[in-house]
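To start, the structure itself, in C-alpha coordinates.
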Amino acid sequence: MTTETLDHWIAGATNPGTSTRTAPVHDPALGVVTKQVRLASAADVDTAVAAATAAFADWGRSSIARRQQVLFKFRELLNARSGELAEILTSEHGKVLSDAAGEIARGLEVVEFACGMPHLAKGSYSLGVSTDVDVYSLREPIGVVGVITPFNFPAMVPLWFLPIAIATGNCVVLKPSEKDPSSSNWLAELFHEAGLPAGVLNVVHGDKEAVDALLTHDDIASISFVGSTPIARYIYETGTAHGKRVQALGGAKNHMLVLPDADLDLVADSAVNAGFGSAGERCMAISVVVAVEPIADDLIAKISDRMGKLVTGDGRRSCDMGPLITREHRDKVAGYLDVAEADGATVVVDGREVEVDGAAEGFWLGPTLLDKVPTTSTVYTDEIFGPVLSVVRVASYEDGVELVNSGPYGNGTAIFTNDGGAARRFVLDVEVGMVGVNVPIPVPVAYHSFGGWKASLFGDAKAYGPQGVDFFTREKAVTSRWLDPSHGGINLGFPQNS
Ligand code: NAD
(Lines give C-alpha, C1' and ligand atoms only; values in the text may rest on other atoms or scores of the structure.)
Protein backbone atom coordinates (compact mmCIF):
# COMPACT_ATOMS: atom_id res chain seq x y z
CA MET A 1 0.00 0.00 0.00
CA THR A 2 1.48 3.35 -0.98
CA THR A 3 0.31 6.80 -0.06
CA GLU A 4 2.90 9.07 -1.69
CA THR A 5 1.58 11.15 -4.56
CA LEU A 6 3.83 13.14 -6.88
CA ASP A 7 2.52 16.66 -7.45
CA HIS A 8 3.08 19.07 -10.31
CA TRP A 9 5.76 21.77 -10.00
CA ILE A 10 4.28 25.16 -10.86
CA ALA A 11 5.60 28.68 -10.19
CA GLY A 12 8.49 27.42 -8.07
CA ALA A 13 6.51 25.13 -5.74
CA THR A 14 4.77 21.77 -5.67
CA ASN A 15 1.14 22.00 -6.68
CA PRO A 16 -1.48 19.24 -6.41
CA GLY A 17 -3.68 20.75 -9.13
CA THR A 18 -7.40 20.19 -9.27
CA SER A 19 -7.69 16.83 -11.01
CA THR A 20 -8.32 13.75 -8.89
CA ARG A 21 -6.96 11.35 -11.51
CA THR A 22 -3.65 9.58 -10.79
CA ALA A 23 -1.52 6.80 -12.33
CA PRO A 24 0.71 4.26 -10.56
CA VAL A 25 4.51 4.53 -10.76
CA HIS A 26 6.39 1.22 -10.45
CA ASP A 27 9.81 0.07 -9.39
CA PRO A 28 10.23 -2.30 -12.36
CA ALA A 29 12.92 -4.42 -10.68
CA LEU A 30 10.68 -5.06 -7.70
CA GLY A 31 7.40 -5.17 -9.61
CA VAL A 32 5.67 -2.98 -7.03
CA VAL A 33 3.88 0.37 -7.12
CA THR A 34 6.02 2.94 -5.30
CA LYS A 35 3.87 6.06 -5.71
CA GLN A 36 1.02 7.64 -7.61
CA VAL A 37 1.51 10.51 -10.02
CA ARG A 38 -1.11 13.17 -10.63
CA LEU A 39 -2.69 13.36 -14.07
CA ALA A 40 -3.38 17.00 -14.86
CA SER A 41 -6.65 18.39 -16.15
CA ALA A 42 -6.76 21.11 -18.80
CA ALA A 43 -7.31 23.59 -15.94
CA ASP A 44 -4.05 22.45 -14.31
CA VAL A 45 -2.23 22.98 -17.60
CA ASP A 46 -3.78 26.47 -17.73
CA THR A 47 -2.33 27.23 -14.30
CA ALA A 48 1.15 26.16 -15.41
CA VAL A 49 0.96 28.10 -18.68
CA ALA A 50 -0.23 31.19 -16.79
CA ALA A 51 2.75 30.90 -14.40
CA ALA A 52 5.12 30.58 -17.36
CA THR A 53 3.52 33.50 -19.17
CA ALA A 54 3.85 35.70 -16.11
CA ALA A 55 7.52 34.72 -15.68
CA PHE A 56 8.27 35.39 -19.36
CA ALA A 57 7.68 39.12 -18.96
CA ASP A 58 10.88 39.32 -16.92
CA TRP A 59 12.90 36.27 -18.03
CA GLY A 60 12.43 36.95 -21.74
CA ARG A 61 14.02 40.39 -21.28
CA SER A 62 16.67 39.35 -18.76
CA SER A 63 20.33 39.78 -19.64
CA ILE A 64 22.25 36.94 -21.25
CA ALA A 65 24.71 37.13 -18.34
CA ARG A 66 21.94 36.52 -15.79
CA ARG A 67 20.64 33.48 -17.64
CA GLN A 68 24.13 32.15 -18.15
CA GLN A 69 24.87 32.35 -14.40
CA VAL A 70 21.83 30.15 -13.67
CA LEU A 71 23.03 27.61 -16.23
CA PHE A 72 26.56 27.53 -14.78
CA LYS A 73 25.18 27.05 -11.27
CA PHE A 74 22.79 24.33 -12.47
CA ARG A 75 25.71 22.51 -14.08
CA GLU A 76 27.69 22.61 -10.82
CA LEU A 77 24.75 21.30 -8.82
CA LEU A 78 23.94 18.55 -11.29
CA ASN A 79 27.55 17.43 -11.37
CA ALA A 80 27.69 17.32 -7.59
CA ARG A 81 24.39 15.51 -7.10
CA SER A 82 24.15 13.26 -10.15
CA GLY A 83 24.29 10.15 -7.94
CA GLU A 84 20.94 11.07 -6.39
CA LEU A 85 19.38 11.48 -9.82
CA ALA A 86 20.82 8.16 -11.02
CA GLU A 87 19.13 6.38 -8.12
CA ILE A 88 15.78 7.93 -9.03
CA LEU A 89 16.23 6.85 -12.66
CA THR A 90 17.08 3.28 -11.72
CA SER A 91 14.22 2.99 -9.24
CA GLU A 92 11.56 4.15 -11.75
CA HIS A 93 12.96 3.15 -15.14
CA GLY A 94 14.96 0.07 -14.13
CA LYS A 95 18.14 0.80 -16.12
CA VAL A 96 21.32 -0.15 -14.26
CA LEU A 97 23.01 2.60 -12.24
CA SER A 98 26.03 2.94 -14.57
CA ASP A 99 23.66 3.41 -17.52
CA ALA A 100 21.67 5.99 -15.54
CA ALA A 101 24.95 7.84 -14.89
CA GLY A 102 25.68 7.73 -18.63
CA GLU A 103 22.28 9.23 -19.42
CA ILE A 104 22.94 12.09 -17.00
CA ALA A 105 26.39 12.71 -18.48
CA ARG A 106 24.86 13.07 -21.96
CA GLY A 107 22.27 15.48 -20.56
CA LEU A 108 25.02 17.49 -18.87
CA GLU A 109 26.67 17.92 -22.26
CA VAL A 110 23.66 19.93 -23.39
CA VAL A 111 23.76 22.03 -20.21
CA GLU A 112 27.41 22.81 -20.98
CA PHE A 113 26.53 23.64 -24.58
CA ALA A 114 23.82 26.04 -23.35
CA CYS A 115 26.34 27.73 -21.03
CA GLY A 116 27.86 29.06 -24.26
CA MET A 117 24.61 30.74 -25.31
CA PRO A 118 26.09 34.28 -25.36
CA HIS A 119 28.15 33.16 -28.32
CA LEU A 120 25.61 30.78 -29.86
CA ALA A 121 22.72 33.25 -29.95
CA LYS A 122 24.76 36.17 -31.18
CA GLY A 123 23.21 38.03 -34.07
CA SER A 124 25.07 39.54 -36.98
CA TYR A 125 25.68 43.08 -38.20
CA SER A 126 26.22 44.46 -41.68
CA LEU A 127 27.61 47.95 -41.70
CA GLY A 128 26.67 50.24 -44.52
CA VAL A 129 24.42 48.04 -46.66
CA SER A 130 23.37 51.28 -48.33
CA THR A 131 24.36 54.85 -47.76
CA ASP A 132 24.08 55.43 -43.97
CA VAL A 133 22.08 52.23 -43.60
CA ASP A 134 23.08 49.30 -41.37
CA VAL A 135 21.35 45.93 -41.00
CA TYR A 136 21.55 43.69 -37.97
CA SER A 137 19.78 40.52 -37.00
CA LEU A 138 19.10 39.36 -33.49
CA ARG A 139 17.52 36.35 -31.84
CA GLU A 140 14.62 36.65 -29.44
CA PRO A 141 12.95 33.94 -27.35
CA ILE A 142 9.68 32.55 -28.73
CA GLY A 143 7.70 32.66 -25.47
CA VAL A 144 6.21 29.79 -23.47
CA VAL A 145 7.31 26.44 -24.87
CA GLY A 146 5.86 22.97 -24.24
CA VAL A 147 8.14 19.94 -23.87
CA ILE A 148 6.66 16.41 -23.85
CA THR A 149 9.04 13.53 -23.12
CA PRO A 150 9.11 9.69 -23.18
CA PHE A 151 9.83 7.16 -20.44
CA ASN A 152 13.10 5.80 -21.75
CA PHE A 153 15.39 8.75 -20.93
CA PRO A 154 13.62 10.50 -18.05
CA ALA A 155 16.55 12.90 -17.43
CA MET A 156 18.48 13.12 -20.70
CA VAL A 157 15.58 13.90 -23.03
CA PRO A 158 14.20 16.76 -20.88
CA LEU A 159 17.81 18.02 -20.77
CA TRP A 160 17.93 18.00 -24.59
CA PHE A 161 15.49 20.93 -24.46
CA LEU A 162 15.35 22.69 -21.07
CA PRO A 163 18.86 24.23 -20.99
CA ILE A 164 18.60 25.69 -24.49
CA ALA A 165 15.01 26.89 -24.08
CA ILE A 166 15.84 28.55 -20.76
CA ALA A 167 19.20 30.01 -21.83
CA THR A 168 17.54 31.66 -24.83
CA GLY A 169 14.97 33.36 -22.56
CA ASN A 170 11.91 31.14 -22.95
CA CYS A 171 9.69 29.80 -20.18
CA VAL A 172 8.82 26.10 -20.17
CA VAL A 173 5.99 23.74 -19.34
CA LEU A 174 7.40 20.19 -19.23
CA LYS A 175 5.06 17.18 -19.42
CA PRO A 176 7.23 14.12 -18.72
CA SER A 177 6.27 10.48 -19.08
CA GLU A 178 3.83 9.42 -16.40
CA LYS A 179 5.73 6.10 -16.12
CA ASP A 180 8.86 7.58 -14.50
CA PRO A 181 8.01 11.17 -13.59
CA SER A 182 10.06 11.91 -10.43
CA SER A 183 13.30 12.96 -12.13
CA SER A 184 11.51 15.92 -13.77
CA ASN A 185 10.51 17.36 -10.39
CA TRP A 186 14.05 16.75 -9.17
CA LEU A 187 15.49 18.67 -12.15
CA ALA A 188 13.00 21.52 -11.67
CA GLU A 189 13.92 21.82 -7.99
CA LEU A 190 17.61 21.84 -8.91
CA PHE A 191 17.03 24.66 -11.42
CA HIS A 192 15.17 26.50 -8.64
CA GLU A 193 18.15 26.03 -6.33
CA ALA A 194 20.41 27.31 -9.11
CA GLY A 195 18.51 30.60 -9.04
CA LEU A 196 15.99 30.13 -11.84
CA PRO A 197 13.04 32.45 -11.09
CA ALA A 198 9.70 30.85 -10.22
CA GLY A 199 7.55 30.10 -13.26
CA VAL A 200 10.39 29.86 -15.81
CA LEU A 201 10.26 26.05 -15.60
CA ASN A 202 7.04 24.24 -14.69
CA VAL A 203 6.36 20.52 -14.63
CA VAL A 204 2.86 19.22 -15.28
CA HIS A 205 2.29 15.49 -14.97
CA GLY A 206 -0.33 13.79 -17.03
CA ASP A 207 -1.49 11.82 -20.00
CA LYS A 208 -3.36 12.62 -23.23
CA GLU A 209 -5.59 15.17 -21.50
CA ALA A 210 -2.58 17.28 -20.44
CA VAL A 211 -0.87 16.82 -23.81
CA ASP A 212 -3.97 17.93 -25.72
CA ALA A 213 -4.32 20.97 -23.48
CA LEU A 214 -0.74 21.98 -24.31
CA LEU A 215 -1.14 21.29 -28.04
CA THR A 216 -4.17 23.53 -28.34
CA HIS A 217 -3.28 26.25 -25.80
CA ASP A 218 -3.24 29.76 -27.28
CA ASP A 219 -0.29 30.85 -25.12
CA ILE A 220 2.04 27.99 -26.04
CA ALA A 221 4.44 28.98 -28.83
CA SER A 222 6.06 25.63 -29.57
CA ILE A 223 6.02 21.94 -28.82
CA SER A 224 9.10 19.74 -28.52
CA PHE A 225 8.04 16.10 -28.40
CA VAL A 226 9.92 12.82 -28.14
CA GLY A 227 8.10 9.48 -28.19
CA SER A 228 6.64 6.82 -30.45
CA THR A 229 5.90 7.53 -34.12
CA PRO A 230 2.08 7.41 -34.04
CA ILE A 231 1.99 9.93 -31.19
CA ALA A 232 4.72 12.07 -32.79
CA ARG A 233 2.67 12.30 -35.99
CA TYR A 234 -0.42 13.28 -33.99
CA ILE A 235 1.56 15.89 -32.04
CA TYR A 236 2.95 17.40 -35.22
CA GLU A 237 -0.40 17.53 -37.01
CA THR A 238 -2.33 18.91 -34.03
CA GLY A 239 0.35 21.35 -32.89
CA THR A 240 0.94 22.86 -36.32
CA ALA A 241 -2.83 23.06 -36.94
CA HIS A 242 -2.92 25.25 -33.83
CA GLY A 243 -0.20 27.53 -35.18
CA LYS A 244 2.70 26.18 -33.15
CA ARG A 245 6.30 25.53 -34.08
CA VAL A 246 6.69 21.74 -33.63
CA GLN A 247 9.60 19.33 -33.50
CA ALA A 248 8.32 15.78 -32.90
CA LEU A 249 10.89 13.00 -32.68
CA GLY A 250 9.44 9.53 -33.21
CA GLY A 251 10.34 5.85 -33.05
CA ALA A 252 13.06 3.84 -34.70
CA LYS A 253 14.24 0.51 -36.03
CA ASN A 254 17.99 0.76 -36.29
CA HIS A 255 20.06 -1.53 -38.50
CA MET A 256 23.72 -2.39 -38.23
CA LEU A 257 25.18 -3.41 -41.61
CA VAL A 258 28.15 -5.74 -41.26
CA LEU A 259 30.40 -6.25 -44.28
CA PRO A 260 32.44 -9.45 -44.58
CA ASP A 261 35.75 -7.64 -43.96
CA ALA A 262 34.65 -6.22 -40.58
CA ASP A 263 36.40 -7.07 -37.31
CA LEU A 264 33.82 -9.55 -36.01
CA ASP A 265 34.92 -9.24 -32.38
CA LEU A 266 34.34 -5.49 -32.50
CA VAL A 267 31.01 -6.11 -34.24
CA ALA A 268 29.90 -8.67 -31.64
CA ASP A 269 30.82 -6.38 -28.73
CA SER A 270 29.02 -3.48 -30.39
CA ALA A 271 25.91 -5.48 -31.25
CA VAL A 272 25.57 -6.71 -27.67
CA ASN A 273 26.17 -3.25 -26.17
CA ALA A 274 23.80 -1.48 -28.56
CA GLY A 275 21.19 -4.23 -28.60
CA PHE A 276 20.82 -4.88 -24.90
CA GLY A 277 21.95 -1.70 -23.10
CA SER A 278 18.97 -0.27 -21.19
CA ALA A 279 17.12 -3.52 -22.09
CA GLY A 280 16.84 -2.31 -25.68
CA GLU A 281 14.64 0.60 -24.57
CA ARG A 282 16.66 3.19 -26.48
CA CYS A 283 15.59 4.93 -29.66
CA MET A 284 19.17 4.45 -30.88
CA ALA A 285 19.35 0.76 -29.89
CA ILE A 286 20.44 -1.61 -32.63
CA SER A 287 17.58 -4.01 -33.24
CA VAL A 288 18.63 -5.58 -36.55
CA VAL A 289 22.05 -6.91 -37.53
CA VAL A 290 22.23 -7.16 -41.32
CA ALA A 291 25.02 -9.63 -42.01
CA VAL A 292 26.48 -9.72 -45.52
CA GLU A 293 27.33 -13.40 -46.09
CA PRO A 294 29.34 -15.51 -45.50
CA ILE A 295 29.92 -14.15 -41.98
CA ALA A 296 26.53 -14.70 -40.28
CA ASP A 297 27.29 -18.05 -38.60
CA ASP A 298 30.60 -16.83 -37.15
CA LEU A 299 29.07 -13.57 -35.99
CA ILE A 300 26.09 -15.25 -34.33
CA ALA A 301 28.44 -17.57 -32.43
CA LYS A 302 30.42 -14.59 -31.15
CA ILE A 303 27.30 -12.63 -30.18
CA SER A 304 25.66 -15.54 -28.36
CA ASP A 305 28.90 -16.30 -26.53
CA ARG A 306 28.94 -12.75 -25.17
CA MET A 307 25.22 -12.86 -24.33
CA GLY A 308 25.85 -15.91 -22.15
CA LYS A 309 27.94 -13.73 -19.83
CA LEU A 310 25.38 -10.94 -19.38
CA VAL A 311 23.70 -10.67 -15.98
CA THR A 312 20.09 -9.52 -15.99
CA GLY A 313 18.81 -8.15 -12.73
CA ASP A 314 18.17 -5.30 -10.32
CA GLY A 315 20.06 -2.24 -11.58
CA ARG A 316 21.17 -1.41 -8.02
CA ARG A 317 23.22 -4.62 -8.00
CA SER A 318 26.16 -5.26 -10.31
CA CYS A 319 24.11 -6.36 -13.30
CA ASP A 320 24.45 -5.58 -17.00
CA MET A 321 20.79 -5.25 -17.89
CA GLY A 322 17.69 -4.30 -15.93
CA PRO A 323 13.97 -5.03 -16.32
CA LEU A 324 11.47 -3.57 -18.79
CA ILE A 325 9.41 -0.55 -17.84
CA THR A 326 6.04 -2.24 -17.08
CA ARG A 327 4.63 -5.75 -16.93
CA GLU A 328 2.42 -5.00 -19.97
CA HIS A 329 5.43 -3.90 -22.00
CA ARG A 330 7.42 -6.95 -20.87
CA ASP A 331 4.59 -9.26 -21.99
CA LYS A 332 4.21 -7.43 -25.30
CA VAL A 333 7.93 -7.80 -26.07
CA ALA A 334 7.91 -11.47 -25.02
CA GLY A 335 4.94 -11.97 -27.36
CA TYR A 336 7.21 -11.15 -30.30
CA LEU A 337 9.24 -14.29 -29.53
CA ASP A 338 6.12 -16.39 -30.15
CA VAL A 339 5.59 -14.48 -33.40
CA ALA A 340 9.22 -15.07 -34.40
CA GLU A 341 8.86 -18.81 -33.93
CA ALA A 342 5.56 -18.89 -35.82
CA ASP A 343 7.07 -16.87 -38.68
CA GLY A 344 10.00 -19.27 -39.09
CA ALA A 345 12.84 -17.38 -37.37
CA THR A 346 15.35 -19.29 -35.25
CA VAL A 347 15.46 -18.40 -31.54
CA VAL A 348 19.21 -18.63 -30.82
CA VAL A 349 19.09 -17.21 -27.28
CA ASP A 350 15.69 -17.16 -25.54
CA GLY A 351 15.24 -14.33 -23.03
CA ARG A 352 12.14 -15.96 -21.56
CA GLU A 353 14.42 -18.48 -19.88
CA VAL A 354 16.65 -15.94 -18.17
CA GLU A 355 17.88 -16.42 -14.61
CA VAL A 356 17.59 -13.14 -12.80
CA ASP A 357 19.53 -11.45 -10.02
CA GLY A 358 16.46 -9.69 -8.65
CA ALA A 359 12.97 -9.99 -7.20
CA ALA A 360 10.70 -12.61 -8.75
CA GLU A 361 7.96 -10.02 -9.39
CA GLY A 362 10.22 -7.75 -11.52
CA PHE A 363 9.37 -7.12 -15.19
CA TRP A 364 12.09 -9.38 -16.57
CA LEU A 365 12.95 -10.51 -20.04
CA GLY A 366 16.49 -11.60 -20.80
CA PRO A 367 18.58 -10.73 -23.87
CA THR A 368 17.20 -12.52 -26.92
CA LEU A 369 18.85 -13.32 -30.25
CA LEU A 370 16.84 -14.27 -33.33
CA ASP A 371 18.33 -15.51 -36.61
CA LYS A 372 16.89 -15.71 -40.13
CA VAL A 373 14.12 -13.28 -39.27
CA PRO A 374 11.82 -12.90 -42.32
CA THR A 375 11.55 -9.23 -43.31
CA THR A 376 7.80 -9.74 -43.67
CA SER A 377 7.44 -10.65 -39.98
CA THR A 378 6.21 -8.02 -37.52
CA VAL A 379 9.30 -8.93 -35.50
CA TYR A 380 11.24 -7.21 -38.27
CA THR A 381 8.81 -4.44 -39.19
CA ASP A 382 7.68 -3.28 -35.71
CA GLU A 383 9.67 -1.22 -33.25
CA ILE A 384 9.79 -3.79 -30.42
CA PHE A 385 11.63 -1.59 -27.88
CA GLY A 386 13.04 -4.46 -25.82
CA PRO A 387 16.10 -6.72 -25.57
CA VAL A 388 15.47 -8.53 -28.85
CA LEU A 389 18.19 -8.54 -31.49
CA SER A 390 17.31 -9.89 -34.94
CA VAL A 391 19.78 -11.11 -37.54
CA VAL A 392 18.88 -10.80 -41.22
CA ARG A 393 21.25 -12.37 -43.75
CA VAL A 394 21.85 -10.69 -47.12
CA ALA A 395 24.03 -11.54 -50.10
CA SER A 396 25.59 -8.15 -50.85
CA TYR A 397 26.21 -4.59 -49.69
CA GLU A 398 23.54 -3.41 -52.15
CA ASP A 399 20.92 -5.75 -50.67
CA GLY A 400 21.84 -4.54 -47.19
CA VAL A 401 21.50 -0.84 -48.03
CA GLU A 402 18.22 -1.48 -49.82
CA LEU A 403 16.89 -3.18 -46.69
CA VAL A 404 17.97 -0.32 -44.42
CA ASN A 405 16.39 2.24 -46.75
CA SER A 406 13.15 0.33 -47.29
CA GLY A 407 11.82 0.81 -43.74
CA PRO A 408 9.61 3.67 -42.56
CA TYR A 409 12.09 4.92 -39.95
CA GLY A 410 15.36 6.78 -40.40
CA ASN A 411 16.70 7.42 -36.92
CA GLY A 412 20.09 5.73 -36.56
CA THR A 413 22.20 3.17 -38.39
CA ALA A 414 25.77 1.90 -38.46
CA ILE A 415 28.13 0.18 -40.85
CA PHE A 416 30.93 -2.06 -39.67
CA THR A 417 33.77 -2.51 -42.15
CA ASN A 418 37.51 -1.95 -42.57
CA ASP A 419 36.98 -0.57 -46.06
CA GLY A 420 36.99 3.23 -45.94
CA GLY A 421 35.56 3.52 -49.44
CA ALA A 422 32.62 1.25 -48.61
CA ALA A 423 31.95 3.19 -45.42
CA ARG A 424 32.01 6.50 -47.29
CA ARG A 425 29.62 5.14 -49.88
CA PHE A 426 27.26 3.95 -47.14
CA VAL A 427 27.24 7.39 -45.50
CA LEU A 428 26.02 8.83 -48.80
CA ASP A 429 23.67 5.98 -49.80
CA VAL A 430 21.77 5.58 -46.56
CA GLU A 431 18.54 7.48 -45.85
CA VAL A 432 18.99 7.86 -42.11
CA GLY A 433 19.58 10.95 -39.97
CA MET A 434 22.38 9.66 -37.72
CA VAL A 435 25.04 7.32 -39.07
CA GLY A 436 27.83 5.44 -37.31
CA VAL A 437 30.98 4.10 -38.96
CA ASN A 438 32.24 1.33 -36.68
CA VAL A 439 30.22 3.14 -33.95
CA PRO A 440 26.97 1.38 -33.01
CA ILE A 441 25.04 4.17 -31.22
CA PRO A 442 25.92 7.36 -33.11
CA VAL A 443 24.23 9.87 -30.79
CA PRO A 444 25.73 13.22 -31.85
CA VAL A 445 27.55 15.33 -29.26
CA ALA A 446 25.68 18.35 -27.89
CA TYR A 447 27.15 20.81 -30.40
CA HIS A 448 25.75 18.84 -33.33
CA SER A 449 22.01 18.20 -33.49
CA PHE A 450 20.07 14.98 -32.77
CA GLY A 451 17.30 13.71 -34.98
CA GLY A 452 16.30 11.17 -37.58
CA TRP A 453 14.70 11.24 -41.01
CA LYS A 454 11.35 9.94 -42.31
CA ALA A 455 8.97 8.66 -39.59
CA SER A 456 11.59 9.32 -36.90
CA LEU A 457 11.18 13.12 -37.01
CA PHE A 458 8.21 15.31 -37.88
CA GLY A 459 9.06 18.97 -38.35
CA ASP A 460 12.26 20.46 -39.67
CA ALA A 461 14.27 21.08 -36.50
CA LYS A 462 16.32 18.42 -34.78
CA ALA A 463 16.95 18.50 -31.02
CA TYR A 464 19.78 20.46 -29.34
CA GLY A 465 22.93 21.76 -31.05
CA PRO A 466 22.58 24.66 -33.51
CA GLN A 467 19.11 23.49 -34.60
CA GLY A 468 17.96 23.59 -30.97
CA VAL A 469 19.07 27.22 -30.70
CA ASP A 470 17.22 28.03 -33.94
CA PHE A 471 14.08 26.26 -32.73
CA PHE A 472 13.88 28.19 -29.46
CA THR A 473 14.56 31.61 -30.98
CA ARG A 474 13.12 33.75 -33.72
CA GLU A 475 15.23 36.06 -35.73
CA LYS A 476 14.52 39.71 -36.19
CA ALA A 477 16.29 41.65 -38.94
CA VAL A 478 16.60 45.39 -38.35
CA THR A 479 17.39 47.88 -41.10
CA SER A 480 18.35 51.22 -39.59
CA ARG A 481 19.40 54.59 -40.93
CA TRP A 482 20.75 57.36 -38.80
CA LEU A 483 19.85 60.49 -40.59
CA ASP A 484 22.38 62.60 -42.33
CA PRO A 485 21.34 66.19 -42.99
CA SER A 486 21.80 65.60 -46.74
CA HIS A 487 19.10 62.87 -46.93
CA GLY A 488 15.53 63.38 -48.03
CA GLY A 489 12.96 63.27 -50.80
CA ILE A 490 9.91 61.23 -51.66
CA ASN A 491 10.40 57.94 -53.58
CA LEU A 492 7.55 55.40 -53.85
CA GLY A 493 9.74 52.75 -55.53
CA PHE A 494 10.77 49.54 -53.74
CA PRO A 495 13.78 50.25 -51.48
CA GLN A 496 17.07 49.65 -53.30
CA ASN A 497 20.54 49.98 -51.98
CA SER A 498 22.78 52.69 -53.25
P1 NAD B 1 4.98 7.35 -26.03
O2 NAD B 1 4.76 7.87 -27.41
O3 NAD B 1 4.05 6.32 -25.50
O4 NAD B 1 4.90 8.57 -24.97
C5 NAD B 1 5.64 9.76 -25.16
C6 NAD B 1 4.90 10.91 -24.48
O7 NAD B 1 3.61 11.06 -25.11
C8 NAD B 1 4.65 10.68 -23.00
O9 NAD B 1 4.83 11.91 -22.31
C10 NAD B 1 3.19 10.23 -22.95
O11 NAD B 1 2.54 10.59 -21.76
C12 NAD B 1 2.57 10.96 -24.13
N13 NAD B 1 1.47 10.20 -24.74
C14 NAD B 1 1.29 8.86 -24.75
N15 NAD B 1 0.17 8.54 -25.40
C16 NAD B 1 -0.39 9.70 -25.82
C17 NAD B 1 -1.57 10.02 -26.57
N18 NAD B 1 -2.40 9.08 -27.00
N19 NAD B 1 -1.81 11.31 -26.82
C20 NAD B 1 -0.98 12.28 -26.39
N21 NAD B 1 0.15 12.03 -25.68
C22 NAD B 1 0.45 10.76 -25.41
O23 NAD B 1 6.49 6.88 -25.95
P24 NAD B 1 7.20 6.10 -24.76
O25 NAD B 1 6.70 4.70 -24.72
O26 NAD B 1 7.17 6.91 -23.53
O27 NAD B 1 8.72 6.13 -25.27
C28 NAD B 1 9.25 5.19 -26.18
C29 NAD B 1 9.17 5.70 -27.60
O30 NAD B 1 9.88 6.93 -27.72
C31 NAD B 1 9.83 4.76 -28.60
O32 NAD B 1 9.04 4.71 -29.75
C33 NAD B 1 11.17 5.42 -28.87
O34 NAD B 1 11.75 5.10 -30.11
C35 NAD B 1 10.79 6.84 -28.82
N36 NAD B 1 11.94 7.69 -28.57
C37 NAD B 1 12.42 8.39 -29.63
C38 NAD B 1 13.54 9.18 -29.45
C39 NAD B 1 14.09 9.98 -30.60
O40 NAD B 1 14.95 10.78 -30.35
N41 NAD B 1 13.64 9.80 -31.82
C42 NAD B 1 14.16 9.25 -28.20
C43 NAD B 1 13.63 8.52 -27.15
C44 NAD B 1 12.52 7.74 -27.36
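Here are the numbers:
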quantity: Accessible-area ranking of 205, 448, 26, largest first, probe 1.4 Å; calculated: 448, 26, 205
quantity: List 426, 458, ordered by accessible area with a 1.4 Å probe, largest first; calculated: 458, 426
quantity: Three semi-axes of the equivalent ellipsoid, segment 254-437, Cα gyration tensor, whole Å, largest first; calculated: 27, 17, 15
quantity: Net charge, residue 50 excluded, C-beta distance under 14 Å - Lys, Arg +1, Asp, Glu -1; calculated: -4
quantity: Trypsin sites (Lys or Arg not before Pro) within segment 39-111, DSSP loop, no more than 16 other Cβ atoms inside 10 Å; calculated: 61
quantity: Spin-label model distance (nm) - residue 445 vs residue 22, 7 Å beyond Cα toward Cβ; calculated: 4.5
quantity: Rounded FRET efficiency, nearest 0.05, which uses the C-beta distance separating residue 207 from residue 360 and R0 of 41 Å; calculated: 0.85
quantity: Where segment 169-304 is the region considered: accessible area per residue in Å², 1.4 Å probe; calculated: 28
quantity: Length gained when the stretch residue 193-residue 338 is fully extended (0.36 nm per residue, less Cα-Cα span); calculated: 47.2 nm
quantity: Extension gain, residue 140 back to residue 124 (0.36 nm per residue minus Cα-Cα distance, nm); calculated: 4.4 nm
quantity: Extension gain (nm, one decimal) between residue 66 and residue 233, 0.36 nm per residue minus Cα-Cα; calculated: 56.4 nm
quantity: Surrounding net charge for residue 290, when Lys and Arg each add one and Asp and Glu each subtract one, Cβ distance under 14 Å; calculated: -3
quantity: Projected-area mean, the chain, by convex hull of Cα positions, square nanometres; calculated: 27.0
quantity: Residues listed by number, segment 138-167, amide nitrogen under 19 Å from residue 101 label point at 7 Å toward C-beta; calculated: 154-156
quantity: 5 angstrom amide H check on residue 289, placed H, neighbours 5+ away; calculated: 256, 390, 391, 392
quantity: Structure-based [θ]222 nm, the chain - -39500 (n - 2.57) summed over DSSP H runs of at least 4, per residue, nearest 500; calculated: -12000 deg cm²/dmol
quantity: Virtual spin-label span in nm between residue 53 and residue 318, 7 Å along Cα→Cβ; calculated: 5.6
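The values are calculated or read from the model by the stated rules, or taken from the named source; none is laboratory data. All figures in this text were calculated on a predicted structure; none of them were measured in a lab. Counting neighbours? That spans all protein chains shown, and the Cβs are built from the backbone with ideal geometry, glycine included. Surface areas here come from the heavy atoms of the whole protein model, side chains and all, with no ligands, DNA or RNA. Shrake-Rupley method; radii C 1.70, N 1.55, O 1.52, S 1.80 Å.
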